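Please read the structure below before turning to the comments.
The values are calculated or read from the model by the stated rules, or taken from the named source; none is laboratory data. Since we're looking at a predicted model, the values are computed, not measured. Backbone-built Cβ (ideal geometry, glycine too); neighbour counts: all protein chains shown.
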Amino acid sequence: MFPFPEGSHGAHQRSALEATIGVERVRAALAQGWLSRYSASVLVERRRFAEFRTRAAAALLHAGPQAALTGDSVFALAGFTSAAGRWVEVLVPDPRPVRRRPGLVIHSAEFSEIDVDVHAGLRAMTPDFALAELLSRDRGFACLEEALASCPPSRREGLRTSVLARIMARPDSGGRARARFLVDLGTGLTRSPLESRVLLLTVDAGWPRPVAHFPIRGSAGRTLYHLPLAWPDARVALAPEPAPAPEPTLAPGPSAAPGTAAAEPGTAAGEARADEIDAAREATAAAREAAAVAREAAAAQDEDLWRRGWTILRPTAADLRAPVHFLSDLHAALTQGGLAA
C-alpha cells in the first residue's frame, strides 16, 4: 500500500502530491489503482472514494479555494440520515466556469464569508443558509426536520426564525411561499426521513397535520406504543416502514481504466475491495434478520391496535414514489373515521 501524505480526506491536488512524493510515484500509484483521477488537477485515494467526505473534499479542491458545500451536502457532511449524499453540491461566489463532472452540482451566487463554516476541515455554508436554499427549491424538508430535532427544544424556534429570515432575504423570490409553508410545517418531532416525507405527503394531499408520536396507553395508564403519525379523533395512524436493506455493490471509483490493477482480482487493491464487499454482505444479512424480527413485532402491534379500534397504515418509500394507492387507502380510512380533508 502506498504511504500517502496527509491530504484532505484522501483527496489531493496533483501538483502538491507530485511535489511531496514525486512524479514517478504518483504515476505508479495511478497505474496500480491506489489513486484515481477526479479531474486533471485532483486525485483521490481510491479506497476512500466511496466516502462522502472524500468526494466533497475532491469537489472543493476542483472548484477552487472560495467554494463551499451547500444544499444537501451541508447535511451529508454532518452525518444527517436525511441527506442522501449521492452527489456533491458546491457553491461558488461568481459565475466563472467550473468544469462539470458526474456527481457534482455547481451553484453560483454571491455570499459572505460570515456564512461559511468549516466542518471536518471542509468549507460549508451555515445550516440556516443551506436550508433556505433547499426549501426555496422545494427540497430538504426532511433535513429541516432532522436539524430541528438535533436542537434542544428551546432553540428550535430560533432556527426556524433564522431560516425564515434567510428565505425572505433571498434576491430570488421564486419558491418563497412554498419555503415558508415548509418551515411552518416543521416541528422536529418526526424521527426518520421517511416519517418526514410521509408527513409532507399527507398534508400536501389536504389532510390536517397528524400528531407526531401519539401515545397509546393501557388500562393502567402505562404507555404501550407511540404511533409515529396519528389522527386520534379518526383513530387512524401511519407507521412508515423503512425499505429492506439493499444488496451491497462494489462502488466504482472515478475514471479507473478497465484492466488496471485496481480492477483485477488478486492485486492488493482488488483484495481490499473484496474484503469491503464481504463485510458489507455480512452487515446486510444481519440487517435483514433484524428487519424480519421487526416485521413480526409490527404485525403483532397492528393486531393489538386493531382490537383497540385503530386502523394502521404502513407506507413505504415506494408509496412516496407512486402514492396513488396509499392516498386512496388513507382517504378511505380517515373518511370512515369521520375526518374530512
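Brief remarks on what is shown
- Residues (β-branched (Val, Ile, Thr), without any contact (Cβ under 8 Å) to a residue 60 or more places away in the chain and more than 22 Å from Gly79 (Cα to Cα)) located in segment 149-202: Thr161, Ile167
- For segment 197-241, taking the residues that are charged (D, E, K, R) and within 18 Å of Ala318 (Cα to Cα), the one that is modelled with the lowest pLDDT is identified as Glu241.
- Residue list for segment 56-69, restricted to those being crowded, with 24+ Cβ neighbours inside 10 Å and touching a helix residue (DSSP H, G or I) at 6+ places or on another chain (Cβ under 9 Å): Ala56, Ala59, Ala68, Leu69
- Count - residues of segment 158-216 that are among the acidic types (Asp, Glu) and either crowded, with 17+ Cβ neighbours inside 10 Å or in contact with a Cys (Cβ under 6 Å, 6 or more places away or on another chain) (or both): 1
- Taken over segment 304-313, residues that are assigned to a loop (DSSP other than H, G, I, E, B) and either modelled with pLDDT of 95 or more or of a type in the set (Phe, Trp, Tyr) (or both) amount to 1.
- Residue satisfying all of: in segment 327-341; in contact with a strand residue (DSSP E or B) (Cβ under 7 Å, 6 or more places away or on another chain) and hydrophobic (A, V, I, L, M, F, W, C); modelled with the lowest pLDDT among these: Leu339
- Any hit, segment 178-196, residues being over 20 Å from Ala132 (Cα atoms), assigned to a strand (DSSP E or B) and either of a type in the set (A, V, I, L, M) or at pLDDT 95 or above (or both): no
- Only one of Leu320, Leu327, Leu334 that is in contact (Cβ under 8 Å) with a residue 24 or more places away in the chain, more than 22 Å from Pro193 (Cβ to Cβ) and either outside any loop (DSSP other than H, G, I, E, B) or touching a Phe, Trp or Tyr at 6+ places or on another chain (Cβ under 6 Å) (or both): Leu334
- Any hit, segment 67-74, residues being free of Cβ contacts under 8 Å to residues at least 60 places away in the same chain and acidic (Asp, Glu): no
- With respect to the conditions (1) under 16 Å from Val116 (Cα atoms); (2) surrounded by fewer than 16 Cβ atoms within 10 Å (Cβ to Cβ); (3) not acidic (Asp, Glu), Ala78 lacks only one, and its number is (2).
- When Arg139, Arg155, Arg160 are checked against the criterion of being assigned to a loop (DSSP other than H, G, I, E, B) and not hydrophobic (A, V, I, L, M, F, W, C), a single residue qualifies: Arg139.
- Any hit, segment 31-50, residues being of a type in the set (Asp, Glu) and loosely packed, with under 14 Cβ neighbours inside 10 Å: no
- Filter pass, Asp128 being touching a helix residue (DSSP H, G or I) at 6+ places or on another chain (Cβ under 9 Å) and either outside any loop (DSSP other than H, G, I, E, B) or surrounded by 15 or more Cβ atoms within 10 Å (Cβ to Cβ) (or both): yes
- Within segment 303-341, considering residues that are among the β-branched types (Val, Ile, Thr) and out of contact with any Asp or Glu (no Cβ under 7 Å at 6 or more places or on another chain), the one surrounded by the most Cβ atoms within 10 Å (Cβ to Cβ): Thr311
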